[in-house]
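Presented below is the structure to which this report refers.
The values are calculated or read from the model by the stated rules, or taken from the named source; none is laboratory data. From a predicted model like this one, the values you see are computed outputs, not experimental measurements. Neighbour counts are summed over all protein chains in view; Cβ atoms, including those assigned to glycine, are modelled from backbone coordinates with ideal geometry.
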Amino acid sequence: MREIKFRGKSRESVEFPCTSIEKGDWIEGFYCYSYGDNETKIITRIQVESGGVGSGLAEIEISVFPETVEQYTGLKDKNGKEIFEGDILLSRSVEVLDGSDDIQHVVAFNTTDYNAYFDFGYCKRPAHCEVIGNTHENPELLSAPLAPEEVKGCR
């Protein structure tokens, strides 16, 4: 069974005794929509160290930009990085090593009448691809193919 979690970019900066979250930081955890204040949130865990009773993990709600919320696919790329929808994957043809057949794909969640699935485009084996960015932070990766010197060891 795969791990169910989401990520989203924080709408605000928040300070805690042991950590801080800056506006725009990626937050990972459980998805939550709060009807009371009409906000999209991620419930995440942070380490709380008070030196006594109450030390450990605490769950907190962080408001996130709704357009940045993406689900974890349950898969990792060739470097062990978790793949979320909205990530841009690079796959490289094994036959052509000069970079001319490098292809970027955006991971998308698709639904049909009979099933729901993550679409990895031409990347049929995500474990052989590499996450090179995402649609929110690196939209320029979608407009043009990478130069061979940008590929750095992809196979």
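If the condition is being more than 20 Å from residue 68 (Cα to Cα), modelled with pLDDT under 80 and not hydrophobic (A, V, I, L, M, F, W, C), then segment 128-155 contributes 128, 145, 148, 149, 150, 152, 153, 155. Just so you know, in segment 54-85 the residues that are among the hydrophobic types (A, V, I, L, M, F, W, C) and in a strand (DSSP E or B) include one that is surrounded by the fewest Cβ atoms within 10 Å (Cβ to Cβ), and it is 57.
You will find that of 46, 83, the residue that is among the β-branched types (Val, Ile, Thr) and either modelled with pLDDT of 85 or more or within 20 Å of residue 136 (Cβ to Cβ) (or both) is 83 and no other. Give me the pairs, please: first residue somewhere in segment 7-33 and within 11 Å of residue 61 (Cα to Cα), second residue anywhere and of a type in the set (Ser, Thr, Tyr) and loosely packed, with under 14 Cβ neighbours inside 10 Å, beta-carbon distance under 9 Å, and either six or more positions apart or on two chains. Note: pairs meeting the criteria are 14/20. Does residue 117 satisfy the condition of being in a strand (DSSP E or B), surrounded by fewer than 17 Cβ atoms within 10 Å (Cβ to Cβ) and modelled with pLDDT under 90? When the stated conditions are applied, residue 117 passes them. For the condition closer than 20 Å to residue 136 by Cβ, surrounded by fewer than 13 Cβ atoms within 10 Å (Cβ to Cβ) and of a type in the set (Gly, Ala, Ser), residue 20 does not qualify.
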